[in-house]
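The values are calculated or read from the model by the stated rules, or taken from the named source; none is laboratory data. None of these values were measured; they are calculated from a predicted model. All Cβ positions, even for glycine, are placed from backbone atoms using ideal geometry, and neighbour counts span all protein chains on display.
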Amino acid sequence: MNSILISTDFVASLFILVIIIGLYEIPAEAIKTTVHFRRCMWIVLIGLIIECLAMYLNGRENLSFLLLFLNYAGYVLLDLLSIIYSFYLNYLIEDSERRFTKLQSNVITCVLSIDICFLTVGVITGKLFTVTNGYLTEGPWSGYTGMLCALCFFAMCLLYVFKYKAFRIKSKFFVVLIVAVPLAATIIGYVYPVSGFGFLGAAVSMNVVYVILESKIIAEACANAKMYNEISENDLLTGLKNRRGYQKVIDGIADNDPIGVVFADANSLKEVNDTMGHEAGDKLIKRIADILESAVSGATVCRISGDEFVCIMNNIDNGKFSETMKNLEDIFRANDRIAAFGYETGAGKDIYSVIKSAEKKMYADKHKYYMETGKDRRR
C-alpha cells in the first residue's frame, strides 16, 4: 500500500514541479501576478516530498527521530498552505470584496498559528503522536490533528460558493470542482489516515485551481504585458519605434554587424504648426514617417523626438545602401524637401559614433536647405 502511495505522490510532485517551472517562464511583467499561487505550489511540492519520505521511513527504527520530525513538519506545512491560500483568495477576489477576505485571511492566520503551537506542544510532550519500534503511534490528542486546518478550509470553500462571481468564475460547475476535490481529499484523509497528511489531495486541488483560475489570470497578465510593451516602445502618432524602442534596437545590434544609419529631421515644422495648426504639423510628421518606412526598406525606423527620426539597417551592402540614400534624397526633393537627412555606415560596435556622424550630416543638409530657401530656421 505504501509503495503505491509513494509512487502516486512522486508522480504528483512531478506535475507540480512542471507547473512551478512554467510559472517562472512567463514574462517578467506577469510573474508578479503569480506570487501567492507559486508559494502555494512550492509548499505542496515540499509537502509531497515530506509525505513520501514519512511513508518510506515508517517502520525503520533507526530513523525514528526523522520520522517524528517529518510528521510534525507535514502538519505544520498544511497550516502554512491554508494561510497562504487564504491570501491568494484575497488577491483573486474583486476589490469591493477584499475587506471581508482580508479579515478572513487574518483570522485564519491567527487560528492556524495557534494550531501550529498546539502541534508543537503535542509533539514535544508525545500527546500528539510518538514513534514506537519505528512506527508512528497516535497519542491522545491525535483526534484533533488538522481539525482547525479543516475548519479554515471549510470557511474558504464557503467563500467560493457564495462569492464565486467575484472570482470571475462564470459557471457553478467550476465552483463544484474547486470545492469538491479538496473536500473529498480531506474526507479520505480522515477515513484512511494511512494515506498521509493530505498533500496528494492538495496537489489535485491546486491543479484544478490552476486550470480554472490561475491560467486565465496568467493569460490576461501576459496579454496586458504585451500590450504595455507595444505601447511603451511605439510612437502613438506614427506607429514607429519611440525613444525606448530605439534604445532597445541599439542594444540588440551585434558588434560585428555592418550597419547603416539615417538621421532625419523635419524642415519648417514650427512654421507649419504656427501658420496651419498642430494637426497639419502632425500630418507632416506622419508623411516623413511614411517616406522613411517605404524608401529605407529593411530598416527599423524610430521617432526619437518630436521632429527627429533615426533609421537603422543591419547587415547592409554598401552599394545598395548608397542607392537607397540617393533614392531617399530624390523622394524628399519631390516632396518639397520636408526633411533634412544625413547618413553613415559602420560597424555595430561603433553604433553611437555612426549615429553622431549621420546627425552631423543631417545638420549640414538642414543648413543648406535654409540657405537655399531663405527661410528663417527659428520658424
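Filter region 349-371 down to the residues that are out of contact with any strand residue (DSSP E or B) (no Cβ under 8 Å at 6 or more places or on another chain) and of a type in the set (A, V, I, L, M, F, W, C) and list them by number.
Of everything in region 349-371, just one residue is out of contact with any strand residue (DSSP E or B) (no Cβ under 8 Å at 6 or more places or on another chain) and of a type in the set (A, V, I, L, M, F, W, C), namely 371.
Given the options 17, 78, 89, name the one that is hydrophobic (A, V, I, L, M, F, W, C), within 28 Å of the chain's Cα centre (by Cα) and surrounded by fewer than 19 Cβ atoms within 10 Å (Cβ to Cβ).
One residue alone meets the criteria, 17.
Just to be sure, is residue 357 surrounded by 14 or more Cβ atoms within 10 Å (Cβ to Cβ), out of contact with any Lys or Arg (no Cβ under 6 Å at 6 or more places or on another chain), within 25 Å of residue 256 (Cα to Cα) and among the small types (Gly, Ala, Ser)? First the steps, then the outcome.
Details: surrounded by 14 or more Cβ atoms within 10 Å (Cβ to Cβ): yes; out of contact with any Lys or Arg (no Cβ under 6 Å at 6 or more places or on another chain): yes; within 25 Å of residue 256 (Cα to Cα): yes; among the small types (Gly, Ala, Ser): yes.
In short, yes.
Would you check which residues across region 58-73 are out of contact with any strand residue (DSSP E or B) (no Cβ under 8 Å at 6 or more places or on another chain) and surrounded by 22 or more Cβ atoms within 10 Å (Cβ to Cβ) and list them? Steps first, answer last, please.
To start, the set of residues in region 58-73 that are out of contact with any strand residue (DSSP E or B) (no Cβ under 8 Å at 6 or more places or on another chain) comprises 60-63, 66, 69-70, 72-73.
Listed by number, the list holds a single entry, 70.
Can you tell me which of 294, 305 is assigned to a helix (DSSP H, G or I) and exposed (fewer than 14 other Cβ atoms within 10 Å of the Cβ)?
On the way: 305 fails: assigned to a helix (DSSP H, G or I).
Just a single option satisfies the conditions, and that option is 294.
Does region 16-37 include one or more residues that are assigned to a helix (DSSP H, G or I), modelled with pLDDT under 90, in contact with a Leu (Cβ under 6 Å, 6 or more places away or on another chain) and of a type in the set (Ser, Thr, Tyr)?
So far as region 16-37 goes, yes, one or more of its residues are assigned to a helix (DSSP H, G or I), modelled with pLDDT under 90, in contact with a Leu (Cβ under 6 Å, 6 or more places away or on another chain) and of a type in the set (Ser, Thr, Tyr).
Kindly indicate whether residue 207 is farther than 30 Å from residue 180 by Cα and either touching a residue at least 24 places away in the same chain (Cβ under 8 Å) or assigned by TED's automatic domain parsing to the domain that holds residue 182 (or both). It would help to see each step written out before you state the result.
Working: farther than 30 Å from residue 180 by Cα: no; either touching a residue at least 24 places away in the same chain (Cβ under 8 Å) or assigned by TED's automatic domain parsing to the domain that holds residue 182 (or both): yes.
No; evaluated as a whole, the condition is false for this residue.
So for region 285-301 (the condition being of a type in the set (A, V, I, L, M, F, W, C), farther than 18 Å from residue 335 by Cβ and assigned by TED's automatic domain parsing to the domain that holds residue 359), does at least one residue qualify?
yes
Which of the residues that make up region 321-346 are out of contact with any helix residue (DSSP H, G or I) (no Cβ under 8 Å at 6 or more places or on another chain), surrounded by 14 or more Cβ atoms within 10 Å (Cβ to Cβ) and either aliphatic (A, V, I, L, M) or not assigned by TED's automatic domain parsing to the domain that holds residue 281 (or both)?
Taking region 321-346 first, the residues out of contact with any helix residue (DSSP H, G or I) (no Cβ under 8 Å at 6 or more places or on another chain) are 321-323, 325-326, 329-330, 333-334, 336.
Applying the additional criterion that residues be surrounded by 14 or more Cβ atoms within 10 Å (Cβ to Cβ) yields 321-322, 325, 329.
Correct list: 325 only.
Could you check region 103-135 and list, in sequence order, the residues that are buried (at least 20 other Cβ atoms within 10 Å of the Cβ) and either touching a strand residue (DSSP E or B) at 6+ places or on another chain (Cβ under 6 Å) or not assigned by TED's automatic domain parsing to the domain that holds residue 206 (or both)?
129, the sole residue that qualifies.
Take region 150-189 and flag every residue that is surrounded by 15 or more Cβ atoms within 10 Å (Cβ to Cβ) and at pLDDT below 75.
Those that are surrounded by 15 or more Cβ atoms within 10 Å (Cβ to Cβ) and at pLDDT below 75: 181, 182, 183, 185, 186, 189.
In region 334-371, which residues are farther than 25 Å from residue 315 by Cα and either among the hydroxyl-bearing types (Ser, Thr, Tyr) or in a helix (DSSP H, G or I) (or both)? Give the derivation first.
Filtering region 334-371 for residues farther than 25 Å from residue 315 by Cα gives 334-339, 363-371.
Answer for region 334-371, where residues must be farther than 25 Å from residue 315 by Cα and either among the hydroxyl-bearing types (Ser, Thr, Tyr) or in a helix (DSSP H, G or I) (or both): 334, 363, 364, 365, 366, 367, 368, 369, 370, 371.
Looking only at residues in region 310-320 that are surrounded by 17 or more Cβ atoms within 10 Å (Cβ to Cβ) and touching a residue at least 60 places away in the same chain (Cβ under 8 Å), which one is nearest to residue 363 (Cα to Cα)? Quick ask: steps written out before the conclusion?
From region 310-320, those surrounded by 17 or more Cβ atoms within 10 Å (Cβ to Cβ) are 310-313, 316; that's our starting set.
With touching a residue at least 60 places away in the same chain (Cβ under 8 Å) added as a condition, the list becomes 310, 312.
Numbers: 310: 14, 312: 18 Å.
That would be 310.
Please work out which one of (1) without any contact (Cβ under 8 Å) to a residue 12 or more places away in the chain; (2) small (Gly, Ala, Ser); (3) in contact with a Cys (Cβ under 7 Å, 6 or more places away or on another chain) is the condition residue 299 fails and give its number.
Condition (1) is where residue 299 drops out.
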